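First up is the structure itself, then whatever we jot down about it.
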């Protein structure tokens, strides 16, 4: 079983991730991991924190001579901003320590619910872990999972479909997604330049008014073999696992697999993907992909399509109404350095989450303690599928 965990706080010393269960022999490139971390930091509408941090991964266990060795992988990503918080968030109590309490919880954030749950009068400990800074570690884990999947021809890309009221009104082509992923400059991660400019204008409005803005991103996985996931239990269904992974991202409030919303308003004859067979290639294929590559909880060989719906983030420069935890009096919500729009970053995080879930399902299906063993298992299965 492929398992991962993250640890660390937004302004702590570092973020930490562990990944257990990868086969030995997978080539690992630090530059490829750091590229994903860089992509997460980009996008129009990001805040001042991204000017402080230059995220780089330190792999301290599980990889030697640029290959996995079968043991748990441990990754550290240091927070540059820690130098400004060493006396505020020390591990041990210090006599001359400083304090930056947060007693005015932000609507839509974890602040108040976390304080009630853990009996804290200060939301600082809650927001430090609830912060989307934690996703830096997830992106590092996802980058390594991508390296496993790439060995078997599985590719993952993403793009932004909507920012606020502005929406892309056409499907994106795979070549557009791969070109977008290779860019060294990121605006709003949209494949259409005209739509992207309209999105930028919407972000500008939010910035000028002290507001924030959300949107929709889409992740596409190509080359996924049929049969990942299962129909037999609720928690083995691939679409359910992908949905949980995407909604686990901070500020994501909804998920769509394939064209779910569109299908909900149509008749079944217009929704189901017809089945066909290519005799020369000995494979089944679908006439369309409205199911998003998953039927009955299992991958069907078509592209997997997953969308995340991101609410505007909760920290506003023009704070909303709240209540002070100490006085119980009405008060404006707390404000800390914040972004205006994080939809492009969310798309990159979404890629990482899809990579993690697919890698887990892939290894559950094909196993293997070494890359060669996994490859033999996959090759045997693909021959079985072709000979069906």
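The values are calculated or read from the model by the stated rules, or taken from the named source; none is laboratory data. Everything quoted here is computed from the prediction, not taken from an experiment. No Cβ is skipped: glycine too gets one built from the backbone with ideal geometry, and neighbour counts run over all protein chains shown.
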> Among the residues of the range 73-95 satisfying the criterion of being buried (at least 16 other Cβ atoms within 10 Å of the Cβ) and in a loop (DSSP other than H, G, I, E, B), which is nearest to the chain's Cα centre (by Cα)?
Replying inline: 79
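If we keep just the residues of the range 51-72 that are in contact with a helix residue (DSSP H, G or I) (Cβ under 6 Å, 6 or more places away or on another chain) and over 14 Å from residue 31 (Cα atoms), which is surrounded by the most Cβ atoms within 10 Å (Cβ to Cβ)?
Residue satisfying both the conditions and the ranking: 53.
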> Out of the residues in the range 171-195 that are exposed (fewer than 12 other Cβ atoms within 10 Å of the Cβ) and modelled with pLDDT of 95 or more, which is farthest from the chain's Cα centre (by Cα)?
Replying inline: 194
> Can you tell me how many residues in the range 344-388 are in a helix (DSSP H, G or I) and at positive phi?
Replying inline: 0
> Which of the residues that make up the range 294-331 are closer than 26 Å to residue 51 by Cβ, surrounded by fewer than 20 Cβ atoms within 10 Å (Cβ to Cβ) and in contact with a strand residue (DSSP E or B) (Cβ under 7 Å, 6 or more places away or on another chain)?
Replying inline: 311, 319
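Looking at 283, 198, can you tell me which residue is in contact with a strand residue (DSSP E or B) (Cβ under 9 Å, 6 or more places away or on another chain) and at pLDDT below 95?
Values: 198 fails: at pLDDT below 95.
Result of the check over 283, 198: 283.
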> Which condition does residue 340 not pass, out of (1) assigned to a loop (DSSP other than H, G, I, E, B); (2) crowded, with 21+ Cβ neighbours inside 10 Å; (3) touching a strand residue (DSSP E or B) at 6+ places or on another chain (Cβ under 6 Å), if it passes all the others?
Replying inline: (3)
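Residue by residue, here is whether (1) modelled with pLDDT under 95; (2) surrounded by fewer than 20 Cβ atoms within 10 Å (Cβ to Cβ); (3) under 15 Å from the mean Cα position of the chain (by Cα) holds:
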| site | (1), (2), (3) |
| --- | --- |
| 137 | no, no, yes |
| 167 | no, yes, no |
| 210 | yes, yes, no |
| 228 | no, no, no |
| 231 | no, yes, no |
| 240 | no, yes, no |
>> Regarding the range 196-217, can at least one residue be identified that is in a strand (DSSP E or B) and free of Cβ contacts under 8 Å to residues at least 40 places away in the same chain?
In response: no
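Kindly provide the set of residues from the range 150-174 that are closer than 15 Å to residue 221 by Cβ and out of contact with any strand residue (DSSP E or B) (no Cβ under 7 Å at 6 or more places or on another chain), ordered by number. So that I can check it myself, show each step before the final result.
Of the residues in the range 150-174, the ones closer than 15 Å to residue 221 by Cβ are 150-159, 172, 174.
150, 151, 152, 153, listed by residue number.
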> Tell me, which strands (runs of 3 or more DSSP E) lie completely within the range 278-333 with 1 or more residues that are on the phi > 0 side of the Ramachandran plot and touching a helix residue (DSSP H, G or I) at 6+ places or on another chain (Cβ under 7 Å)?
Replying inline: none
> Of the residues that sit in the range 367-381 and are within 15 Å of residue 70 (Cα to Cα) and in contact (Cβ under 8 Å) with a residue 24 or more places away in the chain, which one is surrounded by the most Cβ atoms within 10 Å (Cβ to Cβ)?
Replying inline: 374
> So which residues in the range 11-34 are more than 18 Å from residue 79 (Cβ to Cβ) and without any contact (Cβ under 8 Å) to a residue 40 or more places away in the chain, if there are any at all?
Replying inline: 30, 31
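In this structure, does residue 203 turn out to be surrounded by 22 or more Cβ atoms within 10 Å (Cβ to Cβ) and more than 12 Å from residue 299 (Cβ to Cβ)? Don't jump to the end; show me each part of the working.
Working: surrounded by 22 or more Cβ atoms within 10 Å (Cβ to Cβ): yes; more than 12 Å from residue 299 (Cβ to Cβ): yes.
Taking the combined requirement at face value, the residue satisfies it.
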